[in-house]
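First up is the structure itself, then whatever we jot down about it.
Every number here is computed from the coordinates shown, using simple stated rules; none is lab data. Given the structure is predicted, the values throughout are model-derived calculations rather than measurements. All Cβ positions, even for glycine, are placed from backbone atoms using ideal geometry, and neighbour counts span all protein chains on display.
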Amino acid sequence: MTTTDDDGWLRRYGSAAPARPLPRNEVLELLYRHRSVRRFGPGEVDDATVTAIVAAAQSASTSSNLQAWSVVEVRDPARLDTLAHLAGDQDFIRRGAVFLVFVADWARASELARRVGEPAEAVDYIESTIVGFVDAALAAQNAVIAAESLGLGAVYVGSVRNNPEQIADVLELPPGAFPAFGVVIGHPDPDDPAGVKPRLPQTVVRHRERYRLPEADEIAVYDAAVTAYYATQGEPRGWLRAAIARVRDAASLHGRHTMRASLERRGLPSR
């Protein structure tokens, strides 16, 4: 074990590494290098690779070993085109090698209960909805790390929730199964300029003993780092205004303010 690489820390935080030595290994370096890949080059991702990625996903922690999630693998060009249209019409969904739609899934457990004549009333409560989404997110993060360890690129697609009921119909999801988000996986375009995006400093997200709201100067320094990053991408934007815009009103949700109704219609009342 050696100390952390200063360049890796600089990319992740936009600032110099701490003076004290930090642990370093291949897993940590892989995590620090994570970036969203939206430009993909040619090349398939074969079935054996996806099998290994799903095995990594299934190795994630899961609440009470219930495994209340599923993943739908989509490769068919026509279906990909439909899903891309429903998920913000983002072309990288069409251009990736495979699109994995992660599903908060209580349909499986409900069906097992039905087969032995038992009710599934607990599925109706918000705790079950949360468990399904958390399980799906933990699994997906393992899948992304696995893909990156194999030299592939990946990007999360939250806009699957723009039209979740229509996407559920396209994927033929039963009641109690809800599309949480997607992950596009493929071979990164070597000419893609996107890099490692800076994150908030640990002084903002890491609280010792009790919660503390951030100081204005901490946010200002971070906003400057993000602005500098986006400048390398030819985009004149930062972080602070985007964060404020996201919480300003329901319009910032881009139609997702009706999510509770969609959940209820899809068999997850979330009481």
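Things to note:
- Placed amide H near Phe181: partners under 5 Å, 5+ positions off or other chain: Phe102
- Burial ranking of peptide ranges 70-79, 40-49 (average Cβ count within 10 Å, highest at the top): 70-79, 40-49
- Pairs of alpha carbons in the range 156-219 whose separation is greater than 17 Å (percent): 67
- Take every pair of alpha-carbon atoms less than 8 Å apart whose residues are at least six positions apart; their mean separation over the length of the chain yields a relative contact order of 24 percent.
- Subtracting the Cα-Cα distance of Ser63 and Ile130 from 0.36 nm times their residue separation leaves 23.1 nm of extension gain.
- Once both labels are positioned 7 Å from their Cα atoms along Cα-to-Cβ, the gap between Asp6 and Ala242 label points is 2.8 nm.
- Per-selection metrics, the range 46-181 (Cα): Rg and Dmax in Å: 15.1, 47
- Rounded tilt (10° steps) of 216-232 against the dominant C-alpha axis of the chain: 90
- Prolate/oblate/rounded call for the range 1-55, Cα gyration tensor, a/c under 1.5 rounded: oblate
- As a ratio to 2.2 N^0.38 Å, the alpha-carbon radius of gyration computed for the chain takes the value 1.10.
- Contour minus Cα-Cα distance for Arg265 and Thr232 (0.36 nm per residue): 7.5 nm
- Ascending count of other beta-carbon atoms within 10 Å, so fewest first, for Tyr229, Tyr125, Tyr32: Tyr125, Tyr32, Tyr229
- Centre separation in Å (Cα based) which lies between the range 192-262 and the range 73-152: 26
- Bins of 5 Å, starting at 0 and running to the largest distance - Cα pair percent for the range 92-149: 4, 16, 18, 18, 15, 11, 9, 6, 2, 0
- Applying the Kirkwood pairwise sum to the alpha-carbon positions of the range 110-217 produces a hydrodynamic radius of 17.9 angstrom.
- Under 14 Å, Cβ to Cβ, from Glu111 - net charge with Lys/Arg +1 and Asp/Glu -1: +1
- Between helix 47-58 and the chain: long-axis angle, C-alpha atoms, 0 to 90°, nearest 10: 90
- Extension gain for Ala251 to Ala224 (0.36 nm times residue separation, less C-alpha to C-alpha distance): 7.1 nm.
- Taking the Cα centre of the chain as reference, the dipole from Cβ charges on Lys and Arg (+1) and Asp and Glu (-1) amounts to some 760 debye.
- Protection-proxy order for peptides 126-137, 201-212, each taking the mean of Cβ atoms within 10 Å per residue, highest first: 126-137, 201-212
- Karplus-based coupling profile of the range 83-89, in residue order and whole Hz: 5, 4, 4, 6, 9, x, 6, with θ = phi - 60° in 6.51 cos²θ - 1.76 cosθ + 1.60 and x standing for Gly or Pro.
- Once backbone amide H atoms are built at 1.01 Å from N, Ala97 has Ile185, Gly186, His187 as its partners under 5 Å, excluding neighbours fewer than 5 places away on the same chain.
- Contact order normalised by residue count of the range 164-271, Cα under 8 Å, 6+ apart, percent: 30
- Amide proton proximity set for Trp69, modelled H, under 5 Å, gap of 5+: Asp105
- Computed about its Cα centre, the charge dipole of the range 100-259 is approximately 440 debye, with only Lys, Arg, Asp and Glu carrying charge at their Cβ.
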